[in-house]
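Shown next, in structure tokens, is the structure this report addresses.
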Amino acid sequence: MKIGLFIPCYVNQLYPNAAIATLELLQKLGTDVTYPAKQTCCGQPMANSGYEHLSQSCNDLFIENFSAFDYIVAPSASCVLHIKDHLHSHANEAAATEIRGKIYELVEFLTDVLKIEKLDANFPHKVGIHQSCHGLRGLHLAQMSELVAPDFSKPRHLLNMVNGIELTELDRVDECCGFGGLFCIAEEAVSVKMGKDRITDHTKHGAEYITSPDLSCLMHLEGILLRNKSKVKIIHIAEILNSSPTKA
Amino acid sequence: MKSTLDHATLAEEFNKDEERVDWHDGALWWIRQKRDRSANQTPQWEELREAASAIKSNVISNLHDYLIQFEENLKKNGVKVYWATDAEEHNQIVYSILKEKEIKQMVKSKSMLTEECQLNEYLEDRGIEVINSDLGEYIQQIDNEPPSHIVLPCIHKRKEEIGELFHEHLGTEKGLSDPTLLTRVARKHLSNVFLTRRAALTGVNFAVAETGEYVVCTNEGNADMGAHLSEVQIASMGLEKIIPERKHLGVFLRLLARSAIGQPITIYSSHYKKPRAGQEMHLILVDKGRSDLLARPDFRDSLKCIKCGACMNTCPVYRKSGGLSYHNTISGPIGAILAPNLDMKQHADLPFASTLCGSCTNVCPVKIPIHEQLYKWRQEIVKLGYSANRKTFSMKAMALTLSSPEIYSTAGKTGRWLLNNVPFAINNKFNPWYKQRDMPDSSQQSFGEWYAKNGSKK
């Protein structure tokens, strides 16, 4: 099983530790994982702003980088959803279709493909889960609160395998954090208010860390936490799942 | 009166009073929770949504035939039928009906369509007084402000503010803000209105093609009061309000009030079919952009909307920006996908007033893929040139960099390309990101650089 590791642009540049944790975790689980060096971005920043028509060369580059792999795995639900929903190619639609079918966000790859049932990890902290909307309502990583349907949560399932962890609750289990790509700039006031309210929900329930399968949400929340000199930290789910089994 | 400010500006204004935002957000979230409880208590809720969506798909695919059938049955029942292409034509028809009867006062209820058509202003210019009898709309009318929500028109007003309005306009005691007492005062004023108005106009929730009857759903009974006491009864409806058969009401009536406010059914679901002896009934079928929408395959599903407002209550952006920020009669997520069809330039900002979180789509009782349509409207708006040149320029620069690994990695090394180019990350004090947020530490090497050194060793 050959896995192509897709590290989205902003993760590559701003959150290398989450990327390293993803790589190490996949290696620990015995997979053959490679990072194609020439990758850049999924094209979502343009497309969500209404410029999908400018993202064709980005798409073609993505296809070139990842066609050869059996699976593509990325530590970012939002970017994965974008590829799944919007990757197309004038030149080679067959290759694009194949990619849309074999790309996975890390959590779903662990639960649905590798089907792991235990992990050797230790993270003795109180952790709140932030459901990224694209992970939740796009990739169905957990049940959506709006639907009348049985409850499940893939991130929670994985985090429950970690020693010492205490998962904290929320009043609003899957409310959006307000990042929304360029929304965070164009609608600054509402975006920040949404983020502040998510943080309050987590801190009120005693979370020391906020984790998520999506760093874009976490970057926005971290921005607010840093500005307010909060002690609460953000951490990508890969870093918890890859935490050392012995060190606290 | 059309506002020239965009959603972001109006929302920022709304957010200056954070305590008020919290209150507004909390009030609507409470309604969303009521909706959830109610949905969870209803057997086969998701199947009901599916059925409603399928019935509406059938309706919009066969709209022409159903409308003709509906018209024939209306005529058989003794109702006069009119077709209006736009707001102007609709308003002229209402005016001509009233003029012929020399009616100078009309009571109105349950009609967002006539708000869209600005019927009140049109009639007032011609010397006809109109009173909105739904309590929320009545309050908005007194305050000379459009509704901020299609089901809860004055949800953005606190009871103290309503007390102040009543004091000013209806002569209540200063400082009175008890909702029950205020409602009694309004009821007293409105009873007199009902007794003296010769004409009553209502909207339509469901128009049954099979029988030629239409159904109006209210909690206050005001539509009935107006209609029963009038000698001229007028109904205005958008073309999309059709359902094929009466039995389909069993699906829609179960969904409507539960989705809207978590109530099993509206207190009144009134069926109107034939005029009483001595009464006239008129029904106006209004296009106003509906057939244009039908001709847009990517967007026609928005014609399924039954105007429950669930998408507004669940939308965090709506809750934290207020309905009036959308500067359109229909606000929130559904307003943001309906408005560009009517005037893309005026409403070019609305599809961007969303994080595309998708909660709206999940609560929609007729399963309109609202957030997918928001995404598609963004593409349309940009393609047709309603986006700022500056944004287009920066998007082109971004696309160029991201399509070339060489430019990208050089740019990345020379001071983190992202921090200089991606709009939310541009590191200067003019960037709105930094008004209330910081960026993470970016001094470390990128993963790409780390992997080049360490990746192969593993």
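Give, as ranges by residue number, the residues of the range B:95-120 whose backbone N falls under 18 Å from the point 7 Å along Cα→Cβ of B:E88. Counting only backbone N, you get B:95-96, B:116-120.
What residue among A:L29, A:S67, A:A77 has its Cα farthest toward the positive end of the dipole of the range A:2-113, where the charges are +1 on Lys, Arg and -1 on Asp, Glu, each on the Cβ? Positive-end residue among those listed: A:L29. The smallest convex shape that holds all Cα atoms of the range B:84-231, its convex hull, gives 119 Å³ per residue.
Net charge near B:C308, counting Lys/Arg +1 and Asp/Glu -1 over other residues with Cβ under 10 Å of its Cβ? Write down the numbers at each step before the final one.
Values: positive: B:R35, B:R258, B:K307; negative: none.
So the environment of B:C308 carries a net charge of +3.
In the protein assembly as shown, taking the dipole from charged Cβ atoms about the Cα centre, the farthest positive-side position among B:M281, B:G385, A:S57 is held by A:S57.
What is the mean number of Cβ atoms from other protein chains located within 10 Å of the Cβ atom of each residue in peptide B:32-44, rounded to a whole number? Please report the intermediate quantities before stating the final value.
On the way: counts 4, 3, 0, 1, 4, 0, 0, 3, 2, 1, 1, 1, 1.
The mean count of partner-chain Cβ atoms within 10 Å per residue comes to 2.
Among A:A121, A:A19, A:A91, the residue with the largest mean-square fluctuation in a Gaussian network model of chain A, with springs joining Cα atoms closer than 10 Å, is A:A91. In this rough spin-label picture, where each label sits 7 Å from Cα along the Cβ direction, the A:E169-B:I68 distance is 6.0 nm. Taking GluC sites (Glu not before Pro) in DSSP loop states with no more than 14 other Cβ atoms inside 10 Å as exposed sites, chain B has its longest site-free stretch at B:246-458.
Computed from point charges on the beta carbon alone (+1 for Lys and Arg, -1 for Asp and Glu), the dipole magnitude for the protein assembly as shown about its Cα centre is near 620 Debye. By the Cβ rule of 4.7 Å, chain B holds the following cysteines without a possible disulfide partner: B:C117, B:C154, B:C217, B:C305, B:C308, B:C315, B:C364.
Just how large is the dipole of the range A:2-113 about the Cα centre, in debye to the nearest 20, putting +1 at every Lys and Arg Cβ and -1 at every Asp and Glu Cβ? All intermediate terms of the calculation are to be shown ahead of the outcome.
Numbers: 6 positive and 12 negative charges, 40 e Å.
So the magnitude is around 180 debye.
The trypsin sites (Lys or Arg not before Pro) of the range A:76-123 that meet both conditions, a loop assignment by DSSP and at most 13 other Cβ atoms within 10 Å of the site Cβ, are A:K115, A:K118. Per-residue Karplus couplings for the range B:361-369, computed as 6.51 cos²θ - 1.76 cosθ + 1.60 with θ equal to phi - 60°, are listed in order as 4, 6, 8, 4, x, 10, 6, 6, x Hz, Gly and Pro entered as x. Axis of helix B:332-342 versus longest Cα principal axis of chain B: the two differ by about 80°, to the nearest ten degrees.
For chain B, the longest principal axis of the alpha carbon atoms and the long axis of helix B:159-170 meet at an angle near 40°. Compute the Cα gyration tensor for the protein assembly as shown, then decide on rounded, prolate or oblate, letting a ≥ b ≥ c be the square roots of its eigenvalues: rounded whenever a/c is under 1.5, prolate when a/b is larger than b/c in the other cases, and oblate in all that remain. Note, shape of the protein assembly as shown comes out prolate.
Of A:L14, A:L225, A:L26, the residue with the greatest mean-square motion in the GNM of chain A, using alpha carbon springs below 10 Å, is A:L14.
Going by how many other Cβ atoms sit within 10 Å of their own, how do B:W377, B:W29 line up, fewest first? Kindly include the intermediate steps, with their values, before the conclusion.
Details: B:W377 26, B:W29 17.
So the ranking, lowest neighbour count to highest, is B:W29, B:W377.
Specify whether the C-alpha gyration tensor of chain A places it in the rounded, prolate or oblate class, a ≥ b ≥ c being the square roots of the eigenvalues: rounded for a/c under 1.5, otherwise prolate if a/b is larger than b/c and oblate if not. Judged from the Cα gyration tensor, chain A comes out oblate (a/c at least 1.5, b/c at or above a/b).
As a proxy for reagent exposure, B:S443, B:S321 were ordered by neighbouring Cβ count within 10 angstrom, fewest first; the result is B:S443, B:S321.
Across peptide A:138-147, the average count of Cβ atoms from other chains found within 10 Å of a residue's Cβ is 4.
When chain A is treated as a Gaussian network with alpha carbon springs shorter than 10 Å, the biggest mean-square fluctuation among A:V107, A:V33, A:V73 belongs to A:V33. Taking 1.306 mPa s as the viscosity and 10 °C as the temperature, the Stokes-Einstein diffusion coefficient of chain B based on its alpha-carbon Kirkwood radius rounds to 65 µm²/s.
I need to check one value: relative contact order of the range A:191-248, counting alpha carbon pairs closer than 8 Å and at least 6 residues apart, in percent. Could you put the intermediate results ahead of the total?
Details: 45 pairs, mean separation 20.6, N = 58.
Answer for the range A:191-248 is 36 percent.
No value in this document is a laboratory result; all are computed from the given coordinates. Everything numeric here is computed off the predicted structure, so don't read it as measured data. Because the Cβ atoms are built from the backbone with ideal geometry, glycine has one as well, and the counts that use them run over all protein chains shown.
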